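*Asks:* Here it is: the structure, laid out below.
The values are calculated or read from the model by the stated rules, or taken from the named source; none is laboratory data. All values reported here derive from a predicted model rather than from experimental measurement. These area figures cover heavy atoms from the full protein model, side chains too; ligands, DNA and RNA do not enter into them. Shrake-Rupley method; radii C 1.70, N 1.55, O 1.52, S 1.80 Å.
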Amino acid sequence: MPDRSAGKVFYTPEEWEAAGHKTMSQEEMDAANAQFDAWERTRDPDAPGPVPGFGGKFSDDLAGTEYDPDAPGIPDHLRKDPGQ
C-alpha cells in the first residue's frame with residue numbers, strides 16, 4: 001500500500017511496477033547519472049547560488065497539506081502534526 005504524506009504518494013519499486021508503471025533499469029540509471037556528472041563538470045563554478053525562496057506558500061512544502069493547521073477542506077481527523 002503506497003504511503004501518503006503531505007499530499008504526496010510514495011511507492012516502493014514493487015508497488016510502482018504492480019501499478020503498471022515502468023521502472024528504470026540499472027543501465028538506464030547509470031546513463032542518467034553519467035549525464036548529470038558530465039553536466040556538473042561543465043557548470044560554471046562562479047555562478048550565483050540558489051535563488052532564495054519567495055516566502056509564504058512558495059517556500060513552505062507543507063502549505064495546503066494535512067500538516068498545515070490553516071489549510072481549508074482537510075477534516076480534523078486527517079490532520080497531522082508537522083513535528084512527526
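*Asks:* List the residues whose amide H sits under 5 Å from the amide H of Ser5, counting only those 5 or more places along or on another chain, with H placed 1.01 Å from N in the peptide plane.
*Replies:* Hits under the 5 Å cutoff: Phe10.
*Asks:* With a 1.4 Å probe and all protein chains kept in place, how much accessible area does Asp3 have, in Å² rounded to the nearest 10?
*Replies:* Probe radius 1.4 Å; accessible area of Asp3 about 90 Å².
*Asks:* What whole-number value in Å² describes the accessible area per residue of the stretch 1-42 for a 1.4 Å probe?
*Replies:* On the way: 3670 Å² over 42 residues.
About 87 Å² of surface per residue is accessible.
*Asks:* Got a number for the accessible area of Thr42? Probe 1.4 Å, square angstrom, nearest 10.
*Replies:* 110 Å²
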